[in-house]
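The values are calculated or read from the model by the stated rules, or taken from the named source; none is laboratory data. None of these values were measured; they are calculated from a predicted model. Positions of Cβ are generated from backbone atoms using ideal geometry, with glycine treated the same way; all protein chains shown enter the neighbour counts. Accessible surface is based on the protein model in full, side chains and every heavy atom, while ligands, DNA and RNA are left aside. Shrake-Rupley method; radii C 1.70, N 1.55, O 1.52, S 1.80 Å.
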Amino acid sequence: QVHLVESGGGLVQAGGSLRLSCAASGTIFNFDTMNWHRQAPGKQRELVASVTARGNTNYADSVKERFTIARASAKNTVYLQMNSLKPEDTAVYYCYAQILGNGYWGQGIQVTVSS
């Protein structure tokens with residue numbers, strides 16, 4: 001069984017920064033990919049950033065050059081550094097991991113950016 005636990009969310013003013021963490025626990029030797037998704041009220045869940053086991057990263061256009069995804073494989077942890085935050089970044093952020101072909105979601109964490 002794999003569990004993903006997010007931390008680091010909260011309230012921040014526009015232009016500020018937050019760092020989200022996602023720690024995976026369970027019988028894990030490595031992951032295929034770990035992603036951050038987000039869902040704003042009334043909108044569909046969208047992919048924000050992803051990182052593969054090889055370290056390849058991908059970002060949504062709306063967060064490029066503001067967000068950075070990084071991983072610490074030894075700890076099965078992925079981070080999302082969010083800089084220059086905007087009110088439109090307000091959403092529930094979800095961690096997702098694909099491990100040996102199976103997908104797992106975290107419970108989500110709220111990020112609120114005030115104007």
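Assorted remarks:
- Elements of type strands (runs of 3 or more DSSP E) in the stretch 1-100, at least 1 residues being under 12 Å from the mean Cα position of the chain (by Cα): 2-7, 18-26, 33-39, 46-52, 57-59, 67-72, 77-82, 91-99
- Answer from 8, 42 - the residue that is loosely packed, with under 13 Cβ neighbours inside 10 Å and at positive phi: 42
- Against the test of being under 10 Å from the mean Cα position of the chain (by Cα) and under 15 Å from residue 4 (Cα atoms), the options 108, 103 yield a single qualifying residue, 108.
- Being more than 22 Å from residue 104 (Cβ to Cβ), among the small types (Gly, Ala, Ser) and either in contact (Cβ under 8 Å) with a residue 24 or more places away in the chain or exposed (fewer than 14 other Cβ atoms within 10 Å of the Cβ) (or both) holds for only one residue in 25, 17, 21, and it is 17.
- Just one of the listed residues (78, 51, 111, 92) is under 15 Å from residue 9 (Cβ atoms) and at pLDDT below 95, and it is 78.
- Qualifying residue in the stretch 101-108 (condition: open to solvent by less than 50 Å² (accessible area, probe 1.4 Å) and either free of Cβ contacts under 8 Å to residues at least 40 places away in the same chain or at positive phi (or both)): yes
- Applying the set (1) surrounded by fewer than 14 Cβ atoms within 10 Å (Cβ to Cβ); (2) closer than 19 Å to residue 98 by Cα; (3) acidic (Asp, Glu) to residue 61 leaves exactly one unmet item: (2).
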